[in-house]
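As structure tokens, the structure follows; a few thoughts come after it.
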Amino acid sequence: MPKLPAPPLPKSLQPRPKRPGENGNGAVRPVEAAQEAGITVVDWIDERTSLSGGIRWLLFRKVPKGINWFYTLGSATMFAFLNQAVTGVFLAMFYRPDAAGGAYESVRYITDDAFLGQLVRAMHKWGASVMIILIFLHMARVFFFGAYKYPRELTWIIGVVLLILTLAMGFTGYLLPFDQRSYWATIVGVNINGTGPFIGPYLSDFLRAGPEFGATTLSRFYAIHMMLIPGLIAALIGAHLYLITKLGISAPPWIKAQEDPGLRESQV
Amino acid sequence: MNQAEKEEYLREYSILKNAGKPFFPYAVAKDSVMAVVVMVVIIFLAAMFGAELGPKADPTTTTYVPRPDWYFFFLFEVLRVMKNVPKFTDMATIGVPTICMILLFLLPFYDRSPERWIGRRPVALAAGLTTIFAMAYLTYSGANTGSPNSVDLNPPSSLTSSQRATFRAGEAVVGQSGCLACHVIGHNGNNGPGPPLTAIGTILRPQAIASTLRNPTAPMPSFADLAKDNPEKFNNLVNFLSMLQ
Ligand code: HEM
């Protein structure tokens, strides 16, 4: 394995070599032990997990010259997803997937009565739109930079799955408030799914939990929206990021490598 | 890309990467700025526009026009446009989106040239721009046409011009009243739970249609209120349905 670059910390933060005489051979004094508590804990964990290598691999890898703001769109999408996860957890504390009226009532409670409930719900709702815009912008960046070409084809394919899953989140979440708009839009949506080729009818039976739109449909949408798809998205973001770190971020296509003799020598 | 081109790319990339900067803190700094921008935008939108809650879902009275969230407008618009091309009707609905998805998945496998600079990839540039404009246009027109549920039929050519006006007026009432949530008319609407109305004029007389609308069998909602409050609309509705043959 090639040597990883050292963390680029400013001088004042880098560990200071011990002065001669300091902590000679004697026992560790309590003050010293306390000063080093943080390092000791990290060491203790690292001795058992060897995590530090992975973290260095992730953080202290190099990115090519010329990386610009377009390259932040992927991580921006990830932040929008984290926003959805956090606000979603708070909504789930109040939400009840009860088609008989409990669902609507619990969303009304969140919107009108719960402390900051309207804000959290609005952040979840608008966050969804922001995430969708960002994921399309990220995809456009990857497309126009040719970043899906060898060796990053698999990163692209995982990305397309993430795109589909993100749209599926928008679709399943839309039903949950259970007002007129979400109810009828979802009925139409599920029926359209049913006209799809091959798996269409099975897919809409699966979504409806049967041939008719019934009481269990809502619980099913709820489970898909807050457990199944988020789990898949989180796992696939992990795989996406692993591949990005493994393969390195592509250089902007207008930058060409210069045969720098000094660089070559330093590599040998 | 053949083997030589692959090796050439990897060699060039490793030089570029070695000349670069460490991910932490340089790229992390930009990403963090962007994360703050994203959060500020979300909180701003949330605080400005809030989140509304419409009337409670009611499976029996559907006077509501279904609308998806804006990012599905383009999809519904594709479906709406495709439905009007009779030849494709059956495969159009999800067939077109499915084909687009497959094309997206397989992109790295059919675009195999080693060139990455978009200025020298004219086909990719044209395809990318076309996709962006098509999506923007479809989203825009999807936002401006009524719901995917609005009826879109060609009146029979035998009608006089005043009958034609009644046809259009009744068509609009059907769209507003949400009949299509349960009925199919031509290529519009959902097939079920109600029977298709495509040729209802050949099955029921106008009086029978009117009395069905006033006193329907559940789960169809009653439109007696419409008949009382707005008899003109109701008559247009009945006449429109009896012209469907
Ligand atoms: C939940 C959604 C997604 C997240 C969180 C995400 C995250 C990221 C991040 C953090 C990067 C690093 C470089 C950058 O930011 O540009 C990246 C790169 C990449 N993404 Fe995504 N992404 C998502 C969706 C997608 C989609 C929809 C596609 C395409 C269909 C895609 C394809 C790629 C490719 C090919 C790269 C490598 C680009 C390079 O090396 O220059 N990703 N992604």
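The values are calculated or read from the model by the stated rules, or taken from the named source; none is laboratory data. These numbers come from a predicted model, not from an experiment. All Cβ positions, glycine included, derive from the backbone under ideal geometry; neighbour counts span all protein chains shown. These accessible areas exclude ligands, DNA and RNA; they are computed on the full protein's heavy atoms, side chains included. Shrake-Rupley method; radii C 1.70, N 1.55, O 1.52, S 1.80 Å.
Sorting A:16, A:121 by accessible area (1.4 Å probe), largest first, what list results?
Ranked from most to least accessible, the order is A:16, A:121.
Using a 10 Å cut-off on Cβ to Cβ distances, tally the other chain neighbours for every residue of B:8-15 and report the average as a whole number. Mind showing how you got there, number by number?
On the way: counts 0, 4, 3, 1, 4, 8, 4, 10.
Average per residue, whole number: 4.
Expressed as a whole percentage, what fraction of the accessible surface of the protein assembly as shown belongs to carbon and sulfur atoms when a 1.4 Å probe is rolled over the protein heavy atoms? Don't skip to the end; give the middle numbers.
Details: 18930 of 28320 Å².
Heavy-atom surface of the protein assembly as shown belonging to carbon and sulfur, 1.4 Å probe: 67 percent.
Residues of B:107-120, mean number of Cβ from any other protein chain within 10 Å of their own Cβ, rounded to a whole number?
Going residue by residue through B:107-120 and averaging, the value is 5.
Calculated from DSSP H runs of 4 or more alone, at -39500 (n - 2.57) each and per residue, what is the 222 nm mean residue ellipticity of chain A, nearest 500?
-20500 deg cm²/dmol
Nothing charged except the Cβ atoms of Lys and Arg (+1) and of Asp and Glu (-1): what's the magnitude of the dipole of the protein assembly as shown about its Cα centre? Round to the nearest 20 debye.
Its charge dipole is roughly 1080 debye.
Separation between the residue A:129 and residue B:129 pseudo-spin-labels, each 7 Å from Cα along Cα→Cβ, expressed in nm?
My value for the distance between the label points is 2.9 nm.
Ignoring everything but the protein chains, give the 1.4 Å probe accessible area of residue B:56 in square angstrom, nearest 10.
100 Å²
For residue A:68 and residue A:227, FRET efficiency with R0 = 51 Å and r from the beta-carbon atoms, rounded to 0.05?
0.85
Need one number for the protein assembly as shown: average projected area of the convex hull over its C-alpha atoms, nm².
If you wrap the Cα atoms of the protein assembly as shown in a convex hull and average its projections, you get 33.8 nm².
Calculated FRET efficiency, residue B:115 and residue B:21, Cβ-Cβ r, R0 22 Å, to nearest 0.05?
Efficiency at R0 = 22 Å is approximately 0.25.
Under a 1.4 Å probe, what is the accessible area of chain A per residue, stated in Å²?
Heavy-atom SASA per residue in chain A reads 55 Å².
Pull up all non-local amide H partners of residue B:182: gap of 5 or more, or a different chain, and H-to-H distance under 5 Å with H placed in the peptide plane.
For residue B:182, the qualifying residues are B:190.
In Å², rounded to the nearest 100, what is the total accessible surface buried by chains A and B against each other with a 1.4 Å probe?
Interface between A and B: roughly 8000 Å².
Out of B:102, A:213, A:97, whose Cα points farthest toward the positive end of the dipole of the protein assembly as shown (charges: +1 Lys, Arg; -1 Asp, Glu; placed on Cβ)?
B:102
Roughly how much of residue B:115 is accessible, in Å² to the nearest 10, using a 1.4 Å probe?
Rounded to the nearest 10, that gives 60 Å².
How many angstrom separate the Cα center of region B:170-245 from the Cα center of region A:150-210?
Between the Cα centre of region B:170-245 and that of region A:150-210, the gap is 30 Å.
Would you pull out the residues with amide H under 5 Å of residue A:63's amide H, same chain only if 5 or more places away, H placed 1.01 Å from N?
Here B:21, B:23 satisfy the definition.
How charged is the neighbourhood of residue A:184? Take every other residue with its Cβ under 11 Å from the Cβ of residue A:184, and add Lys/Arg as +1 and Asp/Glu as -1.
Counting the neighbours of residue A:184, the net charge comes to 0.
When chain B is modelled as a GNM with alpha-carbon springs shorter than 10 Å, which of B:171, B:52, B:12 fluctuates the most?
Looking only at B:171, B:52, B:12, the largest GNM fluctuation is found for B:52.
Return the FRET efficiency for the residue pair residue B:164, residue B:143: r is the Cβ-Cβ distance, R0 is 30 Å, and the value is rounded to the nearest 0.05.
Using R0 = 30 Å, I get an efficiency of 0.60.
Which residue, B:180, B:75, B:103, has the most motion in a Gaussian network model of chain B that connects Cα atoms within less than 10 Å?
Maximum fluctuation in the GNM of chain B, among the listed residues, is at B:103.
Per residue of chain B, what 222 nm ellipticity follows from adding -39500 (n - 2.57) for every DSSP H run with n ≥ 4, rounded to the nearest 500?
Details: 10 runs with 143 residues, N = 245.
Rounded to the nearest 500, it is -19000 deg cm²/dmol.
When 1/r is averaged over all different Cα pairs and the result inverted, which Kirkwood radius in Å belongs to region B:161-242? Don't jump to the answer; show the numbers that get you there.
Working: mean 1/r = 0.0786 Å⁻¹.
After inverting the pairwise mean of 1/r, the radius is 12.7 Å.
Calculate, for region B:161-242, the solvent-accessible area per residue in square angstrom, rolling a 1.4 angstrom probe over the heavy atoms of the protein chains.
Accessible area per residue, region B:161-242: 51 Å².
Tell me, Kirkwood radius of chain B from alpha-carbon pair distances, in Å? Don't skip to the end; give the middle numbers.
Working: mean 1/r = 0.0433 Å⁻¹.
Taking the inverse mean of 1/r over all distinct Cα pairs, chain B comes out at 23.1 Å.
Hey, could you get me the Stokes-Einstein D for region A:65-247, Kirkwood radius over alpha-carbon pairs, 10 °C and 1.306 mPa s, rounded to whole µm² s⁻¹?
In µm²/s, the coefficient is 89.
For chain B, with only Lys/Arg (+1) and Asp/Glu (-1) charged at the beta-carbon, what is the dipole magnitude about the Cα centre, in debye rounded to 20?
200 debye
For peptide A:65-75, how many partner chain Cβ atoms fall within 10 Å of a residue's Cβ, on average?
On the way: counts 6, 3, 6, 1, 3, 0, 4, 10, 3, 2, 8.
The per-residue average across the peptide is 4.
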